[in-house]
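The values are calculated or read from the model by the stated rules, or taken from the named source; none is laboratory data. Nothing here was measured: the structure is a model prediction, and the numbers come from that model. Cβ placement follows ideal geometry from the backbone for every residue including glycine, while neighbour counts extend to all protein chains displayed. Surface accessibility is based on the protein's heavy atoms, side chains included, excluding ligands, DNA and RNA. Shrake-Rupley method; radii C 1.70, N 1.55, O 1.52, S 1.80 Å.
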Amino acid sequence: MAAGSSQRMGELGKKEWLPLNGGSVLSEAALVFLKTKLFSYAIIAYPKNELAAAKKAFYQNPLVQELSQAANVIFAPGGDTRQQSVFNALKALEKSCKNSQSNDAPRLVLIHDGARPFLSQSLVKKTVSSTLKYGAAVPALQPVETQKEMDSSSKITRHLKRSSLAAVQTPQGFLFPEILDCHKKAFKDQKAAAGRKAKPQTFTDDTEIWDNYSDKKTRVIPGEPQNIKITYPKDFGAGLGHKDNFVPDQNVAAANFGQEKIFRVGLGTDLHRLVAGRKLILGGVVLPYDKGEDGHSDGDALLHAITDALLGAATLGDIGSYFPPEDIKWKDADSVKLLQAAWKDVKKAGWKLQNLDCVVKLQEPKFLPHRQKVRQSIARILGVKEEQVFVKAKTGERVGPVGLCQAVETEAICLLCK
């Protein structure tokens, strides 16, 4: 099951597609089942319009490519709910079986969350054997915290005993013809309720559907602590580690996702003479003054320093190699566009900006009244938050080219990561 939206993962995106151990979260989950060589079909329920992404994630691990050759791989579009997605996957399996030459349907099916990549082969095998014996089986853990039942006003209405409770996991195993029939009955009842404009009964997992439409009960077997479902970014770190010697660690940096996070610092500087007849432009903002930067482009010394810092951190070059001053096409060029072109390549290389800190050395005019506008301009050019950008001002204390109002000097330092 990989048809969810992963909204709770925030900007990290679709959790099943995220990289893990040389593959993806989805391929790592599938690999555990394929290694057992117990299955003749692998059905992947994916979000509508994301077939290409689903195939890329599933086959991302080379070993999955190899082992899946012995199984029939089916990609089934998901629905609006988990129940609909499972039903679509079961129907896709049924259709494939009818179209096959042997016409032999599997005895059982295991339904597993694509966002649970940390389970063991042993758990898969135990679920299979218990399903064959009892008709339905599910791994579960006994809750550690004392459980209570409450009403809509958050008042406790019942005190539950942990010994009789189970926090269920997946894979959930069922005899295939029976679970398919249960889903068909649930779908029919929900459709009938909708026709009567009544609220249909909803089911959050397949054991609930089984218990509502089958005369058999689901057998609970011991689950595994490491068999967590990745729901929030922090959950990823909790599952990392050796599966047979697992110690949960909520302090592992979840954003690493099994890979090293790389940080790079970049430094850029620039100096321009101030001459009459030119505009004084800093950070894409024109400052009122009777002199401006002398340069091949528009002379924005601050954006030039930022461009150098970003290119240097990404080891892509410098502003001189990107936009050679001897090239006539850069004559009086807009430094905003130059920075955007360089920044596009830096982002294309996988880098994100953590923060940018700048210094403007200028005797006249006073820079501080314009600082906020300049910060906003730089953030807008880079497409980042304003709090990621800061600009400080210094004078030349009436000493040297800056102090004598002959030049403006800038420095920029950035932190990139990927």
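In the chain, taking the dipole from charged Cβ atoms about the Cα centre, the farthest positive-side position among Gln363, Ser321, Val109 is held by Val109.
If R0 is taken as 35 Å, the Cβ-Cβ distance between Ala194 and Lys229 corresponds to a FRET efficiency of 0.75. When the chain is described by a simple charge dipole with +1 on each Lys and Arg Cβ and -1 on each Asp and Glu Cβ, the residue from Ser163, Gly400, Ser122 located farthest towards its positive end is Ser163. Maximal additional length on extending the Ser321-Glu397 stretch stands at 24.0 nm, based on 0.36 nm per residue less the C-alpha distance.
Put simply, the Cα atoms of the range 21-82 extend 31, 24, 17 Å along their principal axes, the longest span coming first. Against the longest alpha carbon principal axis of the chain, how many degrees, from 0 to 90 and to the nearest 10, is the axis of helix 335-348 turned? Approximately 30 degrees, to the nearest 10.
For the chain, the longest principal axis of the alpha carbon atoms and the long axis of helix 25-36 meet at an angle near 30°. Of the trypsin sites (Lys or Arg not before Pro) in the range 110-155, which ones lie in a loop per DSSP and count no more than 16 other C-beta atoms within 10 Å? Passing both the DSSP loop test and the Cβ count: Lys155. Binned at 10 Å from 0, what are the whole-percent values of the Cα-Cα distance distribution for the range 323-362, short to long? Binned Cα distances yield the sequence 23, 38, 35, 4. Under 5 Å from the amide H of Ala136 lie the amide H atoms of Arg219, each residue being 5 or more positions distant or on a separate chain, with H modelled from the backbone and absent for Pro and chain starts.
The 3J(HN,Hα) values that the Karplus relation (6.51, -1.76, 1.60; θ = phi - 60°) gives for the range 204-209 are, in residue order, 8, 8, 7, 5, 5, 5 Hz. Gly and Pro appear as x.
Net length available on complete extension from Ser154 to Lys133 is 3.5 nm, with 0.36 nm assigned per residue and the Cα-Cα distance removed. Working note: Karplus 6.51/-1.76/1.60 with θ = phi - 60° gives the range 121-136 the couplings 5, 4, 5, 4, 5, 5, 5, 4, 5, 5, 5, 4, 7, 10, x, 7 Hz, where Gly and Pro are set to x. Once backbone amide H atoms are built at 1.01 Å from N, Val391 has Cys358 as its partners under 5 Å, excluding neighbours fewer than 5 places away on the same chain. The HN-Hα couplings worked out from phi for the range 390-403 by the Karplus form 6.51 cos²θ - 1.76 cosθ + 1.60 (θ = phi - 60°) are 9, 9, 10, 10, 9, 9, x, 6, 6, 10, x, x, 5, x Hz, whole numbers, x standing for Gly and Pro.
Applying 1/(1 + (r/R0)^6) with r as the Cβ-Cβ distance of Leu165 and Lys261 and R0 = 41 angstrom yields a FRET efficiency of 0.60. At 1.4 Å probe size, with the rest of the protein present, what percent of the exposed accessible area of the chain is carbon and sulfur atoms? In the chain, the share of accessible area belonging to carbon and sulfur is 51 percent.
Here's how it looks for Ala76: its modeled amide H is under 5 Å from those of Ile44, Ala45, Tyr46, which are all 5 or more places away or on a different chain.
Take the convex hull of the alpha carbons in the range 104-205; its mean projected area over all directions comes to 9.9 nm². Counting only residues at least eight positions apart within a chain, or on another chain, the aspartates and glutamates with an alpha carbon under 17 Å from that of Lys347 are Glu11, Asp308, Asp318. Taken over the chain, the percentage of Cα pairs per 10 Å bin, counting from 0 up to the bin with the maximum distance, is 4, 17, 21, 16, 12, 12, 10, 6, 1, 0. Helix 176-195 and the longest principal axis of the C-alpha atoms of the chain enclose an angle of approximately 70°.
Computed from Cα atoms alone, the Kirkwood hydrodynamic radius reported for the range 296-418 is 15.0 Å.
Per residue, the solvent-accessible area of the chain (1.4 Å probe, heavy atoms of protein chains only, all protein chains present) comes to 53 Å². Charge dipole (Cα centre; +1 on Lys/Arg Cβ, -1 on Asp/Glu Cβ; no other charges) of the chain amounts to roughly 1580 debye.
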